Each structure stands twice: as C-alpha cells, then as structure tokens.
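The values are calculated or read from the model by the stated rules, or taken from the named source; none is laboratory data. Since the structure is predicted, the reported quantities are computational estimates derived from the model, not experimental observations. All Cβ positions, even for glycine, are placed from backbone atoms using ideal geometry, and neighbour counts span all protein chains on display. The protein model used for the area step is the full one, side chains on, heavy atoms only, and it has no ligands, DNA or RNA in it. Shrake-Rupley method; radii C 1.70, N 1.55, O 1.52, S 1.80 Å.
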Amino acid sequence: MGSFQAPPGMRSSALLETSCGYLLQELQMIWNEVGEDQSEREKVLLELEQECLEVYRRKVDRANMSRARLHQELAESEAEFTHLLLSLGERSLPGRPEKMSGTIKQQLDSITPALREMRLRKEERVNQFRAVQGQIQKISAEIAGQSEYDDSITNVKVNENDLSLKKLEEYQNELQRLHNEKNNRLQQVEKYIASVHNLSATLGMESSMIITKVHPSLNELCGISKNISDSILAKLNSTVESLQEEKQKRLEKLHQLGKALKNLWSLMDTSYGDRYLFSHVIDQLSVSSAEVSDPGSLTLDIIQQAEAEVKRLDQLKASKMKELFLKKQNELEEICNKSHMEIPSRSEMENILNLINTGEIDYAELLMSIDEQISRAKEEASSRKSIMEKVEKWILARDEERWLEEYSMDENRYSVSRGAHRNLRRAERARVTVNKIPALVDSLIAKTKSWEEERRKVFLYDEVPLLAMLEEYNLSRQEREEEKQRQRQIKKVQSQVVVEQENFTTSRPSTSNRRLSNKSLNGGFGNASPLNRRLSLSIQQLGSNGKNSVSLGTSFIKEGKKEQGKRIFPRPNFTSQLRDDTASVVSTFSGPLSP
C-alpha cells in the first residue's frame, strides 16, 4: 500500500505541532542546562500559550473579515448584475448559471465574467444613448434657432437607470422625427429663398441684401448652417408676402398705365413705331401676377418710363381734346343755330376748357356727354323740322307783307319809272302770299301746341316762345287791319269835309275861300265847324290807340324774353341780334299810324 498523504491544512498543522514540540524540547534542554525554576518555566510556557492563542485569534479574525468581504463582493456583484439586467431591459444573460454553488470565491469567479460582459454592454448602451441624445439636442437647438451649440458628449446626461432597447428606440424615433422636421424646414427655407430670388429678379431688386437682412446665415456666402427657427420662417414668409404684394401693386399700376396707353393710342392714332417701344407694357395686360416671372419685367424704371409716356400723351391729348371739343361745340352750335334752339352758355364751355387744360376732367365722359348733347340736338332739330319750315315760310310771308305795306304807302308806285312793272308783279305775288298768312299761322300754332304737349316744354325760337310770337303777330295784324279801317274812315270823313268845305266856299267871297282852304290844307281845325272838331278828336284817338297797340305788343315780347333770360344757359351775342330782329318784326307788326 502507498503512503498516506494528509491534506495541505493538516500537513501544515502537524508540521506546526512537530516544530513546536522540537522547540519546546530544546527549550526544556536549555532550562535544564541553565537550571531555570519550575515556576519560571510554567510562566514562560503560559506566555507562549497566550501568544499562540493571540496569533490564532488574529488569523481567525482576518479570515472572518476576508470571508465577509468576499460575501459582500459577491452580493454587490449579484446586485450590480441584477441592476444591469434591469437597466438594460434584459431578463437573463446567456452563459450565466441560474443557481451558483461552491465556495464564495468560486461563486465570485463564476459571476465575474458575466458581470464584466454586462458592464461592457452598459457602456456600449450608454454611448448609444449619449450619441442619440446628443443629436436630438443639437437638432433641437438648430430648430430653436440657437446660433451655436456645443455638441460635447459631456453636456449630454444619460439616465443609466433606463438603458433598455425600448427607450433607445424612443430616442431614435424622436431623432428621426427631428431629422424630418429639420429637412422640412430646410426645404421651406430653400423654397422661400428661391421665391425671394425670383421675385427680386422680377422686381429688379438685390436678393442677397434682402436675404441677409432676414438672417446672415441664410446667405450661402457666410458659410454657416442656416437658421431654421420658427421666427426665421415667419420672417421669410413675411418677406415673400411683402414682395408678392409689391409685385401685385406694380402689376396693377402697369395694367393701369397699359390701359391708359391703349386708350391714348387709339384716341390719337399713334404710329406703330411709338407703340412698339411700350409693347412690353401692353403684353402684361392679359397676364396675372402668378404668370409674371421674367427677370426685370416689373422694375421701377419700366413703370416710371410708362408713367412719363402717359403723362406726355395726356398733355398731347389735352390739346387735341380741346380741338375736338371746340369742333364738336361748333357742330352743336351750328345745329342749334340752324334750328334756332338754345345752346350751352359760353361761360360753361370756358369752364370745361379750363378743366381740359388742367386735366381734371374725364375725356371719355366729356366726349360722351357732348355727343349725347349733339344727338339730342339733332333729334330735337328733326322734331322741329316741319315747324321750322312753316316758320321760315311765315317769316318770308311776313317780309313780303311788310314790303307790300311799304309799297302801298309809296305815292309814286304807279308812276312810269324804271323797274315799276317788276314791283307791280311782286306786289301781286305778295298779295297772294299775304292772303295765305292766316291759314299758315293757324297751322303753325296747332303744330306748335301739339309739339309742346308731346314734349312738355315750350317751343322757343331764338329764346322767344314761338306761340307768343304768333299770338303777338295775330294781335298786331288784327290791330293793323283795324287801323287800316280807321284810316279809311278818316280818309272818307276828310274827303267829305273837303267836299263840304268846297261847297261852303262857293257861297262865300273868294278871299274867305282861300283862307279856309289854306287852313284846311294846313290841318288847322280851330275855327272849323262842329263836324270838323269831331273829326280832329277821332284822329287823335286813333293815333293814341295805334301807339298803345305798338307799346302793348312790344311789352309782350319783352316779358317773354325776360322769362327766357332766367334759364340756365344765357344766349350768346347771336341772341342780341335776333332780339333786335324780333323787335323790328314786332314794330313792323304794329303797322304805320298813317298811310
């Protein structure tokens, strides 16, 4: 059989006892040789036992402390491992025994690799969280409009109590959302910047200055990341809207100028060469604001040039419009004069010309107004045509009547002289014409009344009511007829007086006859007979009646003219001439007081 081998602990204990035994024997030999007392020997042996116990006790305490430390390390390792499992969101770690056995050191040795692996996983997971959270903070800062952001990892605080993949996925989703929002904002910024470039090019503005004024980072020459904050987006939107409003305002202004140019060209028949210079303005009339995108198509220079051209054409149009207005005014006056109608006053026309010179009147409305006046004047002249034809016949007949009266008063009308036969034939024709006057006047009165009832206005002939003129003429004609009858009666009485006087003178001396004859020839009736005195009184009354009739006719015409003078448009100088003619006609109507 082989030799027995004790465990290492037993071997060391036996060796210790053997060694202690040898040492004790050697000490006994020394004491025997020296002759040490027994009491002293016992005292030393007691001290040796106590010292040995103290050494053992110290060793046991150290062993207990080491065991407790190992238990604590094992507990801490297990707690850390469990915490790491919970924080990382994992239930277990592959390769780690579910139930540990063996000594404490064996248990520590079995958990240490799993714990080391968990720590590595935690560090890796923390780095992932720190990277994701750092990106989230950076993009959030960019969206918030912070000009600078320190992306140091130390600024990122990671919650190590929750390092699960679920939490990491939430952060990654948030990061993706922020990336999308950042991209959308960058697209919006680029869109706004492109709109600013296009609008500025159309309006002839410097786009870089406008963009830099919004924020320097938006200018690509700055070399820094673009600010995509809400305030910058709002400023860009406001800038684009203001540019669009300016574009719309300029386009509307250009539309107004284009329409004005077309009207002026059409009115003044402008040549194609002059129109071609502003064809680009006319081309903008049919397009909307969204369709205008050509660079430089709405610059201030183009608008100013168009305004200058419109102003020049307006000044030119004012002079031509003045000529055209005067031409149409003359046409209107000619129509009114031909039909003896009232025309606008000179003062009103002068006011219109002043407005034309100052440009404070709408030329289209002015032309339309005067064209309407001309149209109404032509229409009224057409309605007056039949009456005016009869008026002209009546005036000619009245002239023939006046001439016939003067001819009848001529003592030498029957004398044999040059042209007497012509006057005689004219007198025969005049009598025929004069005999037709009453029927002509009656027909004219009927037509005039019908015209006035239809139009509900007074028919004026050179501002004098035609009916008043006709009635005055009838009255004066009647008075002349009565006057003629009275004159014939006077002549008849005078002839009888002359016969009686002649008979009376034949019965008296010659001297008395001559005196009476001279008195009668001289019109003296102071010493005449009662019959002669009555004849003288009749002549005076007839004369006074004739004068009264003349004054009555003249006053009637004057009253008619006063009523017409109250109208809005006073008559021009032509009216005074017609009034003189009318007065002469009325005076002619009254007839002479004596043949």
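With the checklist (1) at pLDDT below 70; (2) assigned to a helix (DSSP H, G or I); (3) crowded, with 16+ Cβ neighbours inside 10 Å in hand, flag the one item Gln501 doesn't pass.
(1)
Does Glu323 satisfy the criteria of being at pLDDT 85 or above, over 21 Å from Asp274 (Cα atoms) and either in a loop (DSSP other than H, G, I, E, B) or over 30 Å from the mean Cα position of the chain (by Cα) (or both)?
It is false that Glu323 is at pLDDT 85 or above, over 21 Å from Asp274 (Cα atoms) and either in a loop (DSSP other than H, G, I, E, B) or over 30 Å from the mean Cα position of the chain (by Cα) (or both).
Only one of (1) touching a Phe, Trp or Tyr at 6+ places or on another chain (Cβ under 9 Å); (2) within 30 Å of Gln172 (Cβ to Cβ); (3) open to solvent by 40 Å² or more (accessible area, probe 1.4 Å) is not met by Glu40, so which one is it?
For Glu40, the failing item is (2).
If you go through segment 193-210 one residue at a time, how many are of a type in the set (Val, Ile, Thr) and surrounded by fewer than 18 Cβ atoms within 10 Å (Cβ to Cβ)?
0
Please name all residue pairs, on different chains or six or more residues apart, with Cβ atoms under 8 Å, provided the first residue is in segment 268-282 and is outside any loop (DSSP other than H, G, I, E, B) and the second residue is open to solvent by 50 Å² or more (accessible area, probe 1.4 Å) and not aliphatic (A, V, I, L, M).
Met268/Lys320; Ile282/Lys262; Ile282/Arg275
To keep it simple, each residue is scored yes or no on (1) within 27 Å of the chain's Cα centre (by Cα); (2) farther than 30 Å from Gln305 by Cβ; (3) modelled with pLDDT under 90.
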{"site": "Glu169", "(1), (2), (3)": "no, yes, no"}
{"site": "Leu178", "(1), (2), (3)": "no, yes, no"}
{"site": "Asn184", "(1), (2), (3)": "no, yes, no"}
{"site": "Ile193", "(1), (2), (3)": "no, yes, no"}
{"site": "Ile232", "(1), (2), (3)": "no, yes, yes"}
{"site": "Leu243", "(1), (2), (3)": "yes, no, no"}
{"site": "Leu267", "(1), (2), (3)": "yes, no, yes"}
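Scan segment 302-326 and report the pairs whose first residue is under 24 Å from Asp283 (Cα atoms) and whose second residue is open to solvent by 60 Å² or more (accessible area, probe 1.4 Å), with Cβ atoms within less than 6 Å and a gap of 6+ or a chain change.
Qualifying pairs under 6 Å: Ile303/Lys253.
Of all residues in segment 62-82, count the ones that are touching a helix residue (DSSP H, G or I) at 6+ places or on another chain (Cβ under 9 Å) and under 11 Å from Ile111 (Cα atoms).
Going through segment 62-82 one residue at a time, the tally reaches 6.
Could you check segment 326-354 and list, in sequence order, the residues that are at pLDDT below 80 and part of a helix (DSSP H, G or I)?
Across segment 326-354, the qualifying residues are Arg346, Ser347, Glu348, Met349, Glu350, Asn351, Ile352, Leu353, Asn354.
Keeping to segment 24-77, report how many residues are hydroxyl-bearing (Ser, Thr, Tyr) and touching a Leu at 6+ places or on another chain (Cβ under 7 Å).
Final tally of qualifying residues: 1.
Residue check, Trp31 against (1) exposed (fewer than 12 other Cβ atoms within 10 Å of the Cβ); (2) over 30 Å from Asn159 (Cβ atoms), all met but one. Which one?
Of the numbered conditions (1) exposed (fewer than 12 other Cβ atoms within 10 Å of the Cβ); (2) over 30 Å from Asn159 (Cβ atoms), the odd one out for Trp31 is (1).
So, Ala306, is that one of a type in the set (Gly, Ala, Ser), at pLDDT 85 or above and surrounded by 15 or more Cβ atoms within 10 Å (Cβ to Cβ) or not?
yes
Quick check on Leu467: is it part of a helix (DSSP H, G or I), under 60 Å from the mean Cα position of the chain (by Cα), without any contact (Cβ under 8 Å) to a residue 40 or more places away in the chain and in the same structural domain as Glu379 (by the TED database)?
For Leu467, the condition - part of a helix (DSSP H, G or I), under 60 Å from the mean Cα position of the chain (by Cα), without any contact (Cβ under 8 Å) to a residue 40 or more places away in the chain and in the same structural domain as Glu379 (by the TED database) - is met.
I need the full set of residues from segment 321-350 which are surrounded by fewer than 16 Cβ atoms within 10 Å (Cβ to Cβ) and among the basic types (Lys, Arg), in order please.
Across segment 321-350, the qualifying residues are Lys322, Lys327, Lys338, Arg346.
Given the criteria under 37 Å from the mean Cα position of the chain (by Cα), at negative phi and surrounded by 16 or more Cβ atoms within 10 Å (Cβ to Cβ), does Val132 qualify?
Answer is no for this residue.
Is it the case that some residue within segment 213-227 is within 19 Å of Ala290 (Cβ to Cβ), surrounded by fewer than 18 Cβ atoms within 10 Å (Cβ to Cβ) and either in contact with a Lys or Arg (Cβ under 6 Å, 6 or more places away or on another chain) or not assigned by the TED database to the domain that holds Gln304 (or both)?
No, every residue in segment 213-227 fails to be within 19 Å of Ala290 (Cβ to Cβ), surrounded by fewer than 18 Cβ atoms within 10 Å (Cβ to Cβ) and either in contact with a Lys or Arg (Cβ under 6 Å, 6 or more places away or on another chain) or not assigned by the TED database to the domain that holds Gln304 (or both).
For segment 57-89, which residues satisfy the criterion of being within 20 Å of Glu124 (Cα to Cα), surrounded by 13 or more Cβ atoms within 10 Å (Cβ to Cβ) and out of contact with any Asp or Glu (no Cβ under 7 Å at 6 or more places or on another chain)?
Hits for segment 57-89 are Ser77, Glu80, Phe81, His83, Leu84, Leu85, Leu86, Leu88, Gly89.
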